[in-house]
Amino acid sequence: MLICGCGRWMHTQGVDEREEAGRGPIWLVRSECLACGLSIGFEAPPEEAAVLVDRLMWTDDARHLLERMPPYVEPLVRREVEEYARSKGQRVITCAVLTQARHGGMVAWDPEAERRLENVPAPVRAMARLELERTAAERGQSRVTVALMEEVKARYFGFAGRQ
Ligand SMILES: [Zn+2]
């Protein structure tokens, strides 16, 4: 958190992300003191800049992507993505977070299902994970459960039996 020279907290006004060749992403965090009007900018790699962000923020680019969505979709996407970011402990929604949240990242795993996945042989584990997340997403389920695993497994065995 930043404290202004006048003694008040400074509040985050915006985060802008840009790529710097060879260094990866750089964030410009803009903060303002609402009491005296002082505003400052701070530029750093995400892991350093994130500590200066005092609430959930969308980067300028991610917000533009959101604003280009149809009006009836936008509030739903906003809520989904913000929930996703909170669940990951992320305060800044970048274009990458937006993409993750919308494609695959929305499906959570029940702890027991996650544990069972560990028992799946490594060569097929990644495919099993994808298949389970895809099936859950198609049905509008937000979680992969043990019941779903059993069902998908039965389907796989079914295929195997017919071959
Ligand atoms: Zn101030």
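Tell me the mean residue ellipticity at 222 nm calculated for the chain from its helices only (DSSP H runs of n ≥ 4, each -39500 (n - 2.57), averaged over every residue, nearest 500).
-14000 deg cm²/dmol
Sequence gap at least 6, Cα distance under 8 Å: using those rules, report the relative contact order of region 56-106 to the nearest whole percent.
RCO, region 56-106: 48 percent.
Treating only the Cα positions of region 56-106 as identical point scatterers, give the base-10 log of I(q)/I(0) from the Debye formula at each q in 0.32 Å⁻¹.
-1.40
Using the crude model of +1 on Lys and Arg Cβ and -1 on Asp and Glu Cβ, and no other charge, please compute the dipole size for region 108-154 relative to its Cα centre, in debye to 20.
Computed about the Cα centre, the dipole is about 80 debye.
Run through region 50-125 and list the chymotrypsin sites (Phe, Trp or Tyr not before Pro) located in a DSSP loop whose Cβ has at most 10 other Cβ atoms within 10 Å.
TYR72
Counting only C-alpha contacts under 8 Å and six or more residues apart, can you give the relative contact order of the chain as a whole percent?
15 percent
Hey, can you find the accessible area per residue of the chain for me, probe 1.4 Å, expressed in square angstrom?
Counting only protein heavy atoms, the per-residue value for the chain is 63 Å².
Just want the answer: with Cβ charges of +1 for Lys and Arg and -1 for Asp and Glu, which residue in LEU117, ALA147, PHE42 is farthest toward the dipole's positive end in the chain?
With unit charges placed on the Cβ atoms, the residue in question is ALA147.
In the chain, which longest range has no trypsin sites (Lys or Arg not before Pro) that are both DSSP loop (not H, G, I, E or B) and surrounded by at most 15 other Cβ atoms within 10 Å?
89-138
Mind checking the alpha-carbon convex hull of the chain and giving the volume per residue in Å³?
174 Å³
Within the chain, what percent of beta bridges assigned by DSSP are antiparallel, to the nearest 5?
Given both bridge residues lie in the chain, the antiparallel proportion sits at roughly 75 percent.
Share of the chain's accessible area from carbon and sulfur, percent, 1.4 Å?
Looking at the chain in its full context, I get 55 percent from C and S.
With +1 on the Cβ of every Lys and Arg and -1 on the Cβ of every Asp and Glu, and nothing else charged, how large is the dipole of region 1-54 about its Cα centre, in debye rounded to the nearest 20?
Value, rounded to 20: 240 debye.
Over region 108-154, what is the mean sequence separation of C-alpha contacts under 8 Å (at least six apart), divided by residue count, expressed as relative contact order in percent?
So the answer I get is 52 percent.
The values are calculated or read from the model by the stated rules, or taken from the named source; none is laboratory data. Keep in mind that what you see is a predicted model, and the values were worked out from it rather than measured. Here Cβ is always computed from backbone atoms with ideal geometry, including for glycine, and neighbour counts include all displayed protein chains. The area values use the complete protein model at the heavy-atom level, side chains included, leaving out ligands, DNA and RNA. Shrake-Rupley method; radii C 1.70, N 1.55, O 1.52, S 1.80 Å.
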